[in-house]
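Below is one structure, written out as structure tokens; comments come after it.
The values are calculated or read from the model by the stated rules, or taken from the named source; none is laboratory data. Everything quoted here is computed from the prediction, not taken from an experiment. No Cβ is skipped: glycine too gets one built from the backbone with ideal geometry, and neighbour counts run over all protein chains shown. Note: accessible area is taken over every heavy atom of the protein model, side chains too, but ligands, DNA and RNA are not part of it. Shrake-Rupley method; radii C 1.70, N 1.55, O 1.52, S 1.80 Å.
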Amino acid sequence: MRLAQASPPASSPGATSTDAAQGAETLAPGAAQPGEFVSLIDLLDELRAPPPPPPVAMTPQTAGWLVVGAVLALLLGWVLLAARRRRRANAWRREALAALAQAGDDPAAVAPILRRAALALRPRAEVAGLTGAGWLAFLDATGGPGFAEGPGRALASGPYDGRGAPAPGLGALAARWVRRARAEGGR
């Protein structure tokens, strides 16, 4: 069965026989010559696979992405550093809360824990000399009410009276003070 017939190139008016000969020379090697019959299978045999595409580059195509990556890396480093500083700055809180959990409502055990926490929070000159009503007023001013009037009153005399009687609610009040108390700089 004849599917196609290669025809000679159409000659334009004014074309010479040398132009037709040059056109025949441009045919692919093994291709049918003008006037020969070509089957579909012969045409399929002449097909070649397209060349593979070039490999995809793994680097960004613009410098802008490098800048964005550098800024994101710096931002991540800053966030991690700030979190580390905050964790270190609040280490006294974690220690105080753990000690208060063991102390319960015993004024003799809670008093030194609050004193150490206050010394970690404020300058020694401001905290070390406070006693009695002054100490309770400081605790009320820095962490909320409940010391001058409430279960915190036991801190003024409880550690020194020798009875060791628990003051109900003192441990929870002290833990609340540790969570709320802020230094002058706001840490």
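For this structure, a couple of remarks:
- Just one of the numbered conditions (1) open to solvent by less than 30 Å² (accessible area, probe 1.4 Å); (2) within 34 Å of the chain's Cα centre (by Cα) is not true of LEU114: (2).
- Scanning the range 36-49 for residues that are outside any helix (DSSP H, G or I) and open to solvent by less than 100 Å² (accessible area, probe 1.4 Å) returns GLU36, PHE37, VAL38, SER39, GLU46, ALA49.
- Residues within the range 123-134 that are of a type in the set (S, T, N, Q) and in a helix (DSSP H, G or I), tallied: 0
- In the range 55-83, residue farthest from LEU121 (Cα to Cα) [restricted to those that are surrounded by fewer than 10 Cβ atoms within 10 Å (Cβ to Cβ) and of a type in the set (A, V, I, L, M, F, W, C)]: VAL56
- The set of residues in the range 139-170 that are open to solvent by less than 20 Å² (accessible area, probe 1.4 Å) and touching a Leu at 6+ places or on another chain (Cβ under 6 Å) comprises GLY146, PHE147, GLY152.
- Filter pass, ALA98 being free of Cβ contacts under 8 Å to residues at least 40 places away in the same chain, of a type in the set (A, V, I, L, M), open to solvent by 30 Å² or more (accessible area, probe 1.4 Å) and within 24 Å of GLY158 (Cβ to Cβ): yes
- Selected residue [surrounded by fewer than 12 Cβ atoms within 10 Å (Cβ to Cβ) and touching a helix residue (DSSP H, G or I) at 6+ places or on another chain (Cβ under 6 Å)] from ARG180, ARG86, ARG124, ARG93: ARG180
- Test for ALA108: is it surrounded by 10 or more Cβ atoms within 10 Å (Cβ to Cβ) and under 30 Å from ARG182 (Cβ atoms): yes
- Options ARG187, ARG180: the member that is within 41 Å of the chain's Cα centre (by Cα) and at pLDDT below 85: ARG187
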